[in-house]
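I have placed the structure first, in the form of C-alpha cells, so that the comments after it can refer back to it.
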Amino acid sequence: MLKAGHVYKQFTLASGKKITLRVIRWEDLDGLLSFINSLVREKQGDSTSGLYSGFDTKVTREEETEWLAQTLVEIEEGEVINAIAEVGGEIIANGEVTRGRYKDTRRHGHMGLTMISRYRGQGIGRMIIESLVRESRRAGLRTLDVEFLAENETARRAYQKGGFKQAGIIPRKIFRDGKYFDGLIMAREL
C-alpha cells in the first residue's frame, strides 16, 4: 500500500521542465485548490475545452479540505490509487483509480485524469496512466475503465498507449453550452 507523498517517478520534458509523479499528501491542499480552480476557469472560459463533466463552480478551501481529507483516508484504506504530477512545486495533473465499492466489483477500478491545458499532449498523462495501471495491478485489480469526451483525441491517444481499448459510446451524455457531446468509455485488463 502506498503512503501519501510516495514518489512514483521523476522525469524531464523536452522543454527541460522536471516532472515529479507522486501520491498526494496533506501539504498539497493549497496546490490542489489552485489546480482545481484553474480547471474551472478553463471550462468556463472555453466552451470547446476537452474537460469532462464537473468543473462547473469554483471550489472553496473548505470544500477542498473535505475532499482531500476523504481522499487521503481512501488511499490509506486501499480504495483509491492516486498520482499527481508537479513541476516546480505546481500541481499540473491529478489522476486516480477508484476501486469498485461492491463485493462483485472489488477487482475493477474506474480511472480519472485531469491536467492543466498547457501541459497536455507532452506525455505526462501517459506516464500517470502507466503508474496508475501498475499500482492497480499491484493492488489486485484485474480491469480498469475510463470515460471522457469522445472528441478528446489527446485523451484517446494517451489511453490507447496505456493499453486501453474502446468499450463503448454513450450518445449525447454531456450537455454543455446548448450542445450534446458523446461519452467514450475505454477499458483494459491488467
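Give me the dipole magnitude in Debye, nearest 20, for region 65-190 about the Cα centre, with unit charges on the beta carbon: positive for Lys and Arg, negative for Asp and Glu.
Details: 21 positive and 18 negative charges, 124 e Å.
About 600 debye.
Summing Lys, Arg as +1 and Asp, Glu as -1, what charge do residues with Cβ under 12 Å from the Cβ of Q10 carry, Q10 excluded?
Working: positive: K9, K17, K18, R22; negative: E86.
Around Q10, the charge tally is +3.
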| request: Run the numbers on region 1-153 and let me know its relative contact order in percent, using alpha-carbon pairs under 8 Å that are six or more apart. | output: 22 percent
| query | When the accessible area of the chain is split by element with a 1.4 Å probe, what percent falls to carbon and sulfur? | reply | 49 percent
| Between (i) 1.08; (ii) 0.94; (iii) 1.03, which matches Rg/Rh (Cα atoms, Kirkwood Rh) calculated for the structure shown? | (ii)
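Exposed loop sites here are GluC sites (Glu not before Pro) in DSSP loop states with at most 12 other C-beta atoms within 10 Å. What is the longest stretch of the chain lacking them?
Working: sites that count: E77, E151.
It works out to 1-76.
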| remark: Most fluctuating of D177, D46, D30 in the GNM of the chain (C-alpha, under 10 Å) is D177
| request: Leaving ligands, DNA and RNA out of it, work out the accessible area of K179 with a 1.4 Å probe and give it in Å² to the nearest 10. | output: 110 Å²
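Please work out how much length the chain gains when fully extended from E77 to R107, using 0.36 nm per residue of separation minus the C-alpha to C-alpha distance, in nm with one decimal. Numbers along the way, then the final one.
Details: separation 30, 0.36 × 30 = 10.80 nm, distance 1.48 nm.
Stretched fully, the E77-R107 segment lengthens by 9.3 nm.
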| task | Pairs to check: K17/K179; K58/K103; K103/K179; K18/K161. Give those whose C-alpha atoms are more than 27 Å from each other in this structure. | result | K17/K179; K58/K103; K103/K179
| Part-to-part distance (alpha-carbon centres) for region 95-116 and region 7-77, which is given in Å | 17 Å
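The values are calculated or read from the model by the stated rules, or taken from the named source; none is laboratory data. Quantities reported herein were computed from a predicted structural model and do not represent experimental measurements. With ideal geometry, Cβ positions are generated from the backbone for all residues, glycine too; neighbour counts draw on all protein chains shown. Note: accessible area is taken over every heavy atom of the protein model, side chains too, but ligands, DNA and RNA are not part of it. Shrake-Rupley method; radii C 1.70, N 1.55, O 1.52, S 1.80 Å.
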